[in-house]
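No lab work stands behind these numbers, since they all come straight from the coordinates. What you see is a predicted model, and the numbers here were worked out from it, not measured in a lab. For neighbour counting, all protein chains shown are included, and Cβ atoms are generated from backbone atoms with ideal geometry for every residue, glycine included.
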Amino acid sequence: MIDNLLFLAAPITVSIILAGILSYLGNHILTRGIIFVDIAVAQIAALGTMIGLLLGFAEESANVKMISYIFTIAVISIFALTKFKKQVISQEAIIGIIYCLALGTAMLLAERIPGGSNFISKTITGNLLWVTWKSVLSCLIMFILIGIIHVIFRRHFIKISDSKNGLPYSLWKTRAYELLFYITFSMVIVKAVPIGGVFFVFTLLIAPAAAATLFTDSWKKRLIWSWIIGITGAIAGMYLSFTMNISNAPAIVTLLGLIVFLFAFIKLATKRIVSHNLSKEKGS
């Protein structure tokens with residue numbers, strides 16, 4: 001039992017760390033209405049990695065990681081700079097085009113790389129169970145630094161998120177803050193996807209924020225509840241995967257998905273009860 005817990009200590013720890021940062025970012029992404037941006041970023045990162053593999057570098061090498069980060073930041077910078085006063089093409093549409101373009105190109109490159117199709121599969125499944133303490137520490141350090149940036153600029157990021165397609169500042173000032181937000185966001189996604197996979201990252205990003213949004217509009221309360229739901233779901237999912245001998249990332253994804261639907265049901269039931277009681281009071 002102790003040996004199993006020690007083996008799961010690193011996956012549990014990194015899941016908690018990822019739940020913390022992704023639940024926070026998810027509130028921004030959900031408010032902005034660009035739900036699938038993380039999948040697009042993940043695919044861009046995968047394409048950057050495949051370019052590095054095509055150039056002859058090893059998959060886990062620093063060169064491949066650097067190429068992936070540079071490529072991802074370059075593409076997402078273009079996305080951040082496509083915010084206009086009058087948005088002719090929605091950013092969600094741009095996200096979809098970027099994703100399809102990156103996926104199509106990656107599939108073409110996969111034909112030229114030995115084991116290329118296996119690498120594409122790994123971006124979906126991740127490698128959560130075999131994460132090392134070195135990876136956990138590097139995640140923690142990176143996310144703390146990114147967290148400091150978001151604390152410093154939090155009011156600007158929140159103001160832009162609340163405005164959705166609007167421009168709370170001048171065009172180029174808004175774009176500058178957007179650029180900073182999306183660069184830090186991309187760095188988190190590029191770091192998280194190889195560990196947990198696309199679906200794991202997407203669920204931790206959106207599910208806790210969606211569940212919290214059902215009950216409050218306050219940014220502070222949403223962030224607190226997102227952290228509670230995300231971290232609790234990650235730990236509970238890991239426990240279920242251990243006790244039931246099932247895959248850990250899918251267990252966390254399934255559990256958090258069910259939590260969102262459960263919260264939605266509670267919200268709907270509560271609303272109907274309140275509405276029914278008000279009707280009775282008016283009738284009496």
Revision key, fill the gap. Sorted largest first, the Cα spans of segment 188-260 on the principal axes come out in Å as 38, 28, 14
Check your understanding: Looking at SER61, PHE79, CYS100, which one has the Cα that reaches farthest to the positive end of the dipole of the chain (charges on Cβ: Lys, Arg +1; Asp, Glu -1)?
Key -> PHE79
Review point. What ranking do TRP227, TRP172 get, fewest neighbouring Cβ atoms within 10 angstrom at the top?
Key: TRP172, TRP227
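Need one number: convex hull volume per residue for segment 167-227, Cα atoms only, in Å³. The partial results should precede the final answer.
Numbers: hull volume 6.3 nm³, N = 61.
Once divided by residue count, the hull of segment 167-227 is 104 Å³.
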Review point. Restricting attention to segment 137-185, which trypsin sites (Lys or Arg not before Pro) occupy a DSSP loop and are surrounded by at most 16 other Cβ atoms within 10 Å?
Key: LYS164
Study note, to complete from the structure: Among VAL131, PHE185, SER241, the residue whose Cα sits farthest towards the positive end of the charge dipole of the chain, when +1 is placed on the Cβ of each Lys and Arg and -1 on the Cβ of each Asp and Glu, is PHE185
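Do the sum for the chain: with -39,500 (n - 2.57) for every DSSP H run of n ≥ 4, divided by all residues, what is the mean residue ellipticity at 222 nm, to the nearest 500 deg cm²/dmol?
-28500 deg cm²/dmol
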Practice item. For a footprinting-style exposure proxy, rank LEU137, LEU8, LEU205 by other Cβ within 10 Å, fewest first. Key: LEU137, LEU8, LEU205
Point to revise | Stokes-Einstein D (µm²/s) once Rh is taken as the Kirkwood radius of segment 75-232 over alpha-carbon pairs, at 4 °C in 1.567 mPa s | key: 73 µm²/s
Practice item. Take the alpha-carbon centre of segment 1-73, take the same for segment 93-107, and report the distance between them in whole Å. Key: 18 Å
Check your understanding: In terms of the ratio Rg/(2.2 N^0.38 Å) built on C-alpha atoms, what value belongs to segment 2-283?
Key -> 1.07
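Please report the projected area of segment 139-284's Cα convex hull averaged over all directions, in nm². The partial results should precede the final answer.
Numbers: hull surface 47.9 nm².
Across all orientations, segment 139-284 yields a mean hull projection of 12.0 nm².
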Point to revise | PHE265 paired with ILE152, simple spin-label distance in nm, labels 7 Å along Cα-to-beta-carbon | key: 4.6 nm
Check your understanding: Going through segment 33-112, which GluC sites (Glu not before Pro) have at most 11 other Cβ atoms within 10 Å and a DSSP loop state?
Key -> GLU60, GLU111
Exercise for review: Under a 10 Å cutoff between Cα atoms, tell me which one of GLY230, GLY56, GLY33 has the largest fluctuation in the Gaussian network model of the chain.
Suggested key: GLY56
Check your understanding: Taking neighbour counts of Cβ atoms within 10 Å as a proxy for exposure, in what order, fewest first, do MET142, MET244 appear?
Key -> MET244, MET142
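Just the C-alpha atoms of segment 1-144: what Rg/Rh do they give, with Rh taken as the Kirkwood radius?
Looking at segment 1-144, the ratio lands at 1.01.
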Revision key, fill the gap. In debye to the nearest 20, the charge dipole size for segment 2-283, taken about the Cα centre with +1 at each Lys and Arg Cβ and -1 at each Asp and Glu Cβ, equals 1180 debye
